[in-house]
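For reference, the structure is listed below as structure tokens.
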Amino acid sequence: MMKEILDLNLGEYITMTATAEAFGHELIIREIESVSRNDEADLFPIRVDAYSIVLVRKGEAFIELDCQSYRLTGNSVMEMGIGNLVENVSFSPGFRGYLLLIGQNLMKEVLHPLTGLFPGNTVKLKYLYPTRILDTKEADNLLEIIRRIQKYIADKEHFYRGQMIKNELGILIMELNYTLWKRYSDKGEEVTGYRTIKERFRELLHRYVREQHEVAFYANQLCLTPDHLSKVMRNC
């Protein structure tokens with residue numbers, strides 16, 4: 001039997017992880033080491049009402065996202081949209097990395113002045129390619145931005161604290177988008193049949209995951225056999 005999904009808004013998640021650095025109930029940054037996560041296995045499966053970024057600096061992370069397994073190595077980044085289902089997370093010994101979660105309202109404020117800068121296929125590319133391996137310069141750039149955000153979160157006396165945090169988040173999003181476009185800008189319209197099925201499956205999963213846990217249900221919705229759907233997802 002599938003374990004009940006823990007649905008949390010970002011404020012609830014921040015309350016549960018009170019040792020992390022937070023900006024109100026709109027932003028949280030967690031520095032993660034493999035030993036620090038041993039007591040959180042019971043949180044999964046979990047769905048947080050927030051946009052998430054995982055940056056791996058050392059070691060490996062294993063993340064099961066929307067029934068798809070991902071392996072992240074050093075200098076890898078992963079972006080997760082609002083409402084993604086995370087079923088399991090584990091880390092190799094010696095792992096070091098960062099987790100950022102950004103609330104919907106803050107994300108809208110950050111993106112509003114930037115949306116005209118993004119190509120029309122940006123959302124599709126993020127959906128198709130949630131992970132990527134960065135070169136050292138790209139990873140260092142992201143780390144510098146994250147550390148500046150941490151600095152402003154900690155400096156509660158700074159007159160422009162909130163705006164500085166939003167500015168840095170905007171820079172972070174633009175850097176992430178740039179790493180995505182460099183690798184996949186020519187693939188937004190070239191979606192294979194397997195990936196088309198994967199997109200439709202994820203949409204169904206988001207809609208029915210609380211009630212429907214059998215592969216046969218989703219295969220029927222997609223006019224596939226359960227074996228074929230399983231094969232497609234393994235080869236995506």
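Rg/Rh for the chain to two decimals, with Rh computed the Kirkwood way over all alpha-carbon pairs.
That ratio equals 0.96.
Under 5 Å between amide H atoms, partner at least 5 residues away or on a different chain: which partners does Asn75 have, H built in plane at 1.01 Å?
Excluding prolines and chain starts, which carry no amide H, the hits are Val56, Arg57, Lys58.
Which three extents, in angstrom, do the Cα atoms of region 86-184 have along their principal axes, listed largest first?
40, 39, 30
In terms of the ratio Rg/(2.2 N^0.38 Å) built on C-alpha atoms, what value belongs to region 10-130?
That ratio works out to 1.06.
Net charge near Glu4, counting Lys/Arg +1 and Asp/Glu -1 over other residues with Cβ under 14 Å of its Cβ?
Value of the local net charge: -1.
Which one, Tyr127, Gln163, Leu101, projects farthest toward the positive side of the charge dipole computed for region 42-171 from Cβ point charges (K/R +1, D/E -1)?
The Cα lying farthest towards the positive end belongs to Gln163.
Using a simple spin-label model with points 7 Å from Cα along the Cα→Cβ vector, what separation in nm is obtained for Glu21 and Glu109?
1.8 nm
Per residue of region 102-117, what does 6.51 cos²θ - 1.76 cosθ + 1.60 with θ = phi - 60° give for ³J(HN,Hα)? Whole Hz please, x for Gly and Pro, Karplus curve as stated.
Each residue of region 102-117 in turn: 10, x, 4, 5, 5, 4, 4, 4, 5, 7, 3, x, 10, 4, x, 8 Hz.
Using a Förster distance of 45 angstrom, determine the FRET efficiency expected from the C-beta separation of Phe62 and Phe159, and round it to 0.05.
With R0 = 45 Å, the Cβ-Cβ based efficiency is 0.60.
Scaled to the compact-protein estimate 2.2 N^0.38 Å, what is the alpha-carbon radius of gyration of region 101-143, rounded to two decimal places?
1.39
Run the dipole for region 113-236 about the Cα centre, Lys and Arg Cβ at +1, Asp and Glu Cβ at -1, nothing else charged, and hand back the magnitude in debye, nearest 20.
100 debye
Give the calculated FRET efficiency between Val123 and Ser230 to the nearest 0.05, with a Förster radius of 41 Å applied to their Cβ-Cβ distance.
The formula returns an efficiency of 0.90 here.
To the nearest 0.05, how large is the calculated FRET efficiency for Leu43 and Gln221 if R₀ is 30 Å and r is the Cβ-Cβ distance?
It comes to 0.55.
Ignoring solvent entirely, what values of log10 I(q)/I(0) come out of the Debye formula for region 72-130 at 0.17 Å⁻¹ when each Cα is a single scatterer?
Relative scattering, expressed as log10 I(q)/I(0), comes to -0.80.
Need one number: % antiparallel among DSSP beta bridges in the chain, to the nearest 5.
Around 90 percent antiparallel, to the nearest 5.
Provide, as a two-decimal number, the C-alpha radius of gyration of region 43-95 over 2.2 N^0.38 Å, N being how many residues it has.
This ratio for region 43-95 stands at 1.09.
Compute the distance in nm between two label points, each set 7 Å from the Cα along the Cα-to-Cβ direction, one at Asn9 and one at Ile133.
4.1 nm
Rounded to the nearest 500, what is the chain's calculated 222 nm mean residue ellipticity when only DSSP H runs of at least 4 contribute -39500 (n - 2.57) each, over all residues?
It lands at -13000 deg cm²/dmol.
Can you sort Phe62, Phe23, Phe95 by 1.4 Å-probe accessible area, starting with the largest?
Per-residue accessible area, sorted high to low, gives Phe62, Phe23, Phe95.
Under 20 Å from the 7 Å Cα→Cβ point of Tyr70, by amide nitrogen: which residues of region 148-179?
169-179
Taking θ = phi - 60°, what integer Hz values does the Karplus form 6.51 cos²θ - 1.76 cosθ + 1.60 yield along region 43-57, in sequence order, with x for Gly and Pro?
Karplus-based 3J(HN,Hα) across region 43-57 equals 6, 9, x, 9, 9, 10, 6, 6, 7, 10, 10, 10, 10, 9, 9 Hz.
Starting from the Kirkwood radius over alpha-carbon pairs of region 107-236, derive D by Stokes-Einstein at 25 °C in a medium of 0.890 mPa s and give it in µm² s⁻¹.
Result for D is 139 µm²/s.
Among all lysine pairs in the chain that are eight or more places apart or on different chains, how many have alpha carbons less than 16 angstrom apart?
Counting lysine pairs in the chain gives 13.
The values are calculated or read from the model by the stated rules, or taken from the named source; none is laboratory data. Only a predicted model underlies this, so the values are computations on that prediction, with no experimental measurement involved. Because the Cβ atoms are built from the backbone with ideal geometry, glycine has one as well, and the counts that use them run over all protein chains shown. Calculation scope for accessible area: heavy atoms of the full protein, side chains included, ligands and nucleic acids excluded. Shrake-Rupley method; radii C 1.70, N 1.55, O 1.52, S 1.80 Å.
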